[in-house]
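Report on the structure given below.
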2 protein chains.
Amino acid sequence: MLNNSQYIEKLRSSGLRPTKQRIKICEILFNSEKTFHFTINELVKRISKSTNDKISLATVYNTVHAFKNKGYLKEIPINSDQSYFDTNTSHHHHFYDETQKDLIDIDDADVEPVKINTRIPGKKIKSVEVLVKVEDDKS
Amino acid sequence: MLNNSQYIEKLRSSGLRPTKQRIKICEILFNSEKTFHFTINELVKRISKSTNDKISLATVYNTVHAFKNKGYLKEIPINSDQSYFDTNTSHHHHFYDETQKDLIDIDDADVEPVKINTRIPGKKIKSVEVLVKVEDDKS
DNA sequence: TTCTACATTATAATAGTTCTAAACTGTTGA
DNA sequence: TCAACAGTTTAGAACTATTATAATGTAGAA
Ligand SMILES: [Mn+2]
Ligand SMILES: [Mn+2]
Ligand SMILES: [Zn+2]
Ligand SMILES: [Zn+2]
């Protein structure tokens, strides 16, 4: 999608120094045609496959959190022993296959607008997300 | 709501032996008028306040998982450093106040039916849950 | 080039949860 | 009635994702 100098721009304009670690992680996260979901562990594996210069685990955590704070990643709320992140930052929803521990996007267009007919005084809505848990259909 | 002999029945009919630990936890979870959300930590605190016979942490975990498996509790999918459980097992949704780490029920009637216009072949839907994240409205 | 704030790193610490294996108990049926 | 056994409890260890620490390195400004 983007080349390194574009990631450097993106980082710089976010107030993040374009270090070689962050650029490498940008390549892995944002170069692919399709968006995807990942855990820190999976990301660490991808990194070690695609480079010889290792990036420390702490830096991977730091970077993912920095990117999440900047809005370049979303964290997906599911009960799991580890956090799931999403390179798709547009408004959308998820299937979660608990058997295979697999997250699948549901396009926003495939969900009728969710209307909540109640509010909490003094609070404003940050996000509305639908999680559809699925399991094998043995019928 | 129920008295001890009714919890004993409930447990027995679920294939769970009615031990004094489980009965005590039933009282704490299911005796109150209103349903509520809790973490294991909060439950442990409630237990130690309401009895002199301490229940081991392992038993609290075991019991909560057993009750969840029997459908007497639900686990709520949110990103948190700990699991949230719900004594309200009916179909409903949640606000999550990230500032106060507070979960609030949204009655199913207050949400227009969520229509998902896509499926995953070979999988059937187990649950459809809406999570509305809110924050302080400073405007 | 020098300076400094920001970033990386190895490693330790933390904390929620699960595991282990020994002791205990509810239930069954002889 | 009570022995036998499967199910349960328990203290503590182990596990594991995540965060903290603090020393070292580096990007960018001047
Ligand atoms: Mn968990
Ligand atoms: Mn988390
Ligand atoms: Zn997604
Ligand atoms: Zn609830």
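The values are calculated or read from the model by the stated rules, or taken from the named source; none is laboratory data. The structure displayed is predicted, hence computed values, not measured ones. Counting neighbours? That spans all protein chains shown, and the Cβs are built from the backbone with ideal geometry, glycine included. Remember, those area values only see protein heavy atoms, side chains included, never the ligands or the DNA or RNA. Shrake-Rupley method; radii C 1.70, N 1.55, O 1.52, S 1.80 Å.
The residues of segment B:9-44 that are among the hydroxyl-bearing types (Ser, Thr, Tyr) and without any contact (Cβ under 8 Å) to a residue 24 or more places away in the chain, listed by number, are B:SER13, B:THR19. Quick one: is A:ASN88 exposed (fewer than 15 other Cβ atoms within 10 Å of the Cβ), out of contact with any Pro (no Cβ under 9 Å at 6 or more places or on another chain) and either under 25 Å from A:LYS10 (Cβ atoms) or within 14 Å of chain B (Cβ to nearest Cβ) (or both)? Answer is no for this residue. Of the residues that make up segment B:80-90, is at least one farther than 28 Å from B:ASP136 by Cβ and either within 16 Å of ligand 3 (Cβ to nearest atom) or under 12 Å from the mean Cα position of the chain (by Cα) (or both)? The answer is yes; a qualifying residue exists. Of all the listed residues (B:GLU33, B:GLU42), the sole one being exposed (fewer than 15 other Cβ atoms within 10 Å of the Cβ), within 16 Å of B:LEU73 (Cβ to Cβ) and of a type in the set (Asp, Glu) is B:GLU42.
Counting only helices (runs of 4 or more DSSP H) that fall entirely inside segment A:19-131 and contain at least 2 residues that are within 16 Å of ligand 2 (Cβ to nearest atom), the qualifying elements are A:40-50, A:57-70. Taking B:LYS123, is it loosely packed, with under 13 Cβ neighbours inside 10 Å, more than 16 Å from ligand 3 (Cβ to nearest atom) and without any contact (Cβ under 8 Å) to a residue 12 or more places away in the chain? Against the criterion (loosely packed, with under 13 Cβ neighbours inside 10 Å, more than 16 Å from ligand 3 (Cβ to nearest atom) and without any contact (Cβ under 8 Å) to a residue 12 or more places away in the chain), B:LYS123 does not qualify. Restricting attention to segment B:12-30, the residues being of a type in the set (Ser, Thr, Tyr) and surrounded by 12 or more Cβ atoms within 10 Å (Cβ to Cβ) number 2. Among the residues making up segment B:98-109, those that are open to solvent by 50 Å² or more (accessible area, probe 1.4 Å) and within 18 Å of B:THR35 (Cβ to Cβ) are B:ASP102, B:ILE104, B:ASP105, B:ASP107, B:ASP108, B:ALA109.
Annotation note: Cβ proximity below 9 Å between a residue of segment B:58-72 that is within 14 Å of chain A (Cβ to nearest Cβ) and open to solvent by less than 70 Å² (accessible area, probe 1.4 Å) and a residue that is assigned to a helix (DSSP H, G or I) and within 10 Å of DNA strand C (Cβ to nearest atom) (sequence gap 6+ or interchain) occurs for B:VAL64/B:ILE40; B:VAL64/B:LEU43.
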